[in-house]
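Participant: My questions all concern the structure below.
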Amino acid sequence: MESDLPPYHGSHFKHTTPPVPSWSFGDGVDSSEQGKKWLAGEESGWTGFDASKEAPGVFYKLLTSGIVPRPVAFVSSVSEAGIKNLAPFRWVRWSFLVTHNPPIISISCNVIAGKSKDTALNIKETKGFTVNIISESWIHNANACSIDAPPDVGEWPISGLTPADTVHVKAPRVKESAFSMECELFQAIDIVHPETGETTTTLILGRVKYIHVRNDVLTDKRDAVNPTQLRPILRLGDITYAVLGDGFRVPRPSWKDEGEGLQASGILSVHDGKL
Ligand SMILES: Cc1cc2nc3c(=O)[nH]c(=O)nc-3n(C[C@H](O)[C@H](O)[C@H](O)COP(=O)(O)O)c2cc1C
């Protein structure tokens, strides 16, 4: 029962040590106590899901709950007739940063029984949109916009959010969002099912022309966003949202620094049945 749940207490993001600070090249997952516990899960066995045999709904549920957590792209778009639309699209089902040069993001709009999302239609019509990152304090406002309203109904009034001016695109940005991207349509790709011939999804690639960042979420160097301040909302499977937990930093190794030692150690020639 929802009423039995403890009250929301928000994210408490802080940096901790990494899970296995002593890890070094070649160590197996079983080199730590928590790694051993994790591997013990294998005793439960495995289940295979074959895309050629399962119904699409089975894959929907597996993919949306397995590829987690996902940020949510809150998209503002406008139709040729001037209807201003707002809708959430989970990022990485399938929307994400495709490349930073040129900066391109993607959002993926389902086509259900031949009917496209208004967002996809609007973007195709007017060629621009904004993506607004959602923070904890206004998740209800954003979630309300997932309502299946008819195309001639704009979601702004029910959202309780405030449209703000943009520089490059017709669609307004969400003033309450601390990080908004103005995007120009780069490409709209209809995904056609190879067997049924049905269009199931429109993949929108948007070129980011301009980013609005609220100063209080910028790091002291003002060159990146501080997650503690941004308090982004994440999406898990079904209707579950999440907030950030702890963070830790793990340096990326470089061959320049490590290569000689690795070669001398002999570890590269150890197969151990794992390769
Ligand atoms: C958190 C969240 C994520 C969503 N992600 C997607 C998505 O990736 N693709 C999609 O087609 N619909 C997604 N939806 C559903 C759309 O928001 C919903 O269908 C909305 O009514 C579309 O609005 P529109 O027709 O005005 O564009 C999501 C809904 C929520 C609440």
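The values are calculated or read from the model by the stated rules, or taken from the named source; none is laboratory data. As the structure is a computational prediction, the values presented were derived from the model and not from experiment. Cβ: placed from backbone, ideal geometry, glycine included. Neighbour counts: every protein chain shown. SASA here: full protein model, heavy atoms, side chains in, ligands and nucleic acids out. Shrake-Rupley method; radii C 1.70, N 1.55, O 1.52, S 1.80 Å.
Participant: Using a Förster distance of 22 angstrom, determine the FRET efficiency expected from the C-beta separation of Y241 and K127, and round it to 0.05. Intermediate values should be presented prior to the final figure.
Facilitator: On the way: r = 31 Å, r/R0 = 1.40.
FRET efficiency, Y241 to K127: 0.10.
Participant: Mind pulling the angle between the C-alpha long axis of helix 56-66 and the longest principal axis of the chain? Nearest 10 degrees, somewhere in 0 to 90.
Facilitator: Helix 56-66 and the main axis of the chain meet at about 60 degrees.
Participant: Let me know the longest stretch in the chain that avoids all GluC sites (Glu not before Pro) found in a DSSP loop with at most 14 other C-beta atoms within 10 Å. Don't skip to the end; give the middle numbers.
Facilitator: Working: sites that count: E54, E80, E195, E198.
Within the chain, the longest run free of exposed GluC sites (Glu not before Pro) spans 81-194.
Participant: Next question. Rounded to the nearest 0.05, what FRET efficiency is calculated for T17 and N110 with R0 set to 45 Å and r the Cβ-Cβ distance?
Facilitator: Plugging the Cβ-Cβ distance into 1/(1 + (r/R0)^6) gives 0.65.
Participant: Hey, another quick one. Give me the dipole magnitude in Debye, nearest 20, for segment 62-269 about the Cα centre, with unit charges on the beta carbon: positive for Lys and Arg, negative for Asp and Glu. Spell out each step's value before the answer.
Facilitator: Values: 21 positive and 22 negative charges, 61 e Å.
With only Lys, Arg, Asp and Glu charged at Cβ, the dipole is about 300 debye.
Participant: Taking every pair of alpha-carbon atoms in segment 150-202, give the share separated by more than 12 Å as a whole percent.
Facilitator: On the way: 1043 of 1378 pairs.
Summing the P(r) tail past 12 Å for segment 150-202 gives 76 percent.
Participant: Ratio of Rg to Rh for the chain, alpha carbon only, Kirkwood?
Facilitator: Values: Rg = 22.2 Å, Rh = 21.7 Å.
With Rg and the Kirkwood Rh in hand, the quotient comes to 1.02.
Participant: Go through V213, V29, T201 and say which Cα lies farthest out towards the positive end of the charge dipole of the chain; charges sit on Cβ, +1 for Lys and Arg, -1 for Asp and Glu.
Facilitator: The listed residue farthest towards the positive side: V213.
Participant: Where in the chain is the longest stretch that carries no trypsin sites (Lys or Arg not before Pro) classed as loop by DSSP and with at most 12 other Cβ atoms within 10 Å? Display every interim value, and only then the final one.
Facilitator: Numbers: sites that count: K14, K53, K221, R222, R249, K274.
Result for the longest clean stretch: 54-220.
Participant: Using the heavy atoms of the protein chains alone and a 1.4 angstrom probe, what is the accessible area of the chain per residue in square angstrom?
Facilitator: Result: 64 Å² of accessible area for each residue.
Participant: Towards the positive end of the charge dipole of the chain, with charges on Cβ (+1 Lys, Arg; -1 Asp, Glu), say which of P172, I139, T228 has the farthest Cα.
Facilitator: The Cα lying farthest towards the positive end belongs to P172.
Participant: How much FRET efficiency would the formula 1/(1 + (r/R0)^6) give for Q34 and N101, where r is the Cβ-Cβ distance and R0 is 35 Å, rounded to 0.05? Write out the running numbers ahead of the final one.
Facilitator: Working: r = 38 Å, r/R0 = 1.08.
Computed FRET efficiency for Q34 and N101: 0.40.
Participant: Between Q263 and D165, what length comes free when the chain is fully extended (0.36 nm per residue of separation minus the Cα-Cα distance, one decimal in nm)?
Facilitator: That pair, Q263 and D165, stretches by 29.6 nm at full extension.
Participant: Below 8 Å between Cα atoms, with a sequence gap of 6+, how large is the relative contact order for the chain in percent?
Facilitator: Reported relative contact order: 22 percent.
Participant: For the residue pair D220 and E54, what label-to-label distance in nm results when each label sits 7 Å from Cα along the Cα-to-beta-carbon direction?
Facilitator: Placing both labels 7 Å along Cα→Cβ, they lie 4.7 nm apart.
Participant: Next up: Could you work out how far apart the two model spin labels at I158 and S24 are, taking each label as a point 7 Å from the Cα in the direction of the beta carbon, and quote it in nm?
Facilitator: Reported label-point gap for I158 and S24 is 5.9 nm.
Participant: Which entries of K124/K209; K124/K170; K61/K124 show an alpha-carbon separation above 19 angstrom in the structure shown?
Facilitator: K61/K124
Participant: Under a plain spin-label model, where a point goes 7 Å from the Cα along Cα-to-Cβ, how far apart in nm are Q187 and S137?
Facilitator: Inter-label distance under the simple model: 4.0 nm.
Participant: Can you send over the carbon and sulfur percentage of the accessible area for the chain, probe radius 1.4 Å, protein chains only? Provide the component values of the computation, followed by the final result.
Facilitator: Working: 9940 of 17610 Å².
Heavy-atom surface of the chain belonging to carbon and sulfur, 1.4 Å probe: 56 percent.
Participant: Tell me the angle of helix 255-265 to the major Cα principal axis of the chain, expressed in degrees between 0 and 90 and rounded to the nearest ten.
Facilitator: Taking the Cα atoms of the chain, the angle to 255-265 is about 30 degrees.
Participant: Lys and Arg at +1, Asp and Glu at -1: add these up for the other residues within a Cβ distance under 12 Å of L230 and post the number.
Facilitator: Counting the neighbours of L230, the net charge comes to 0.
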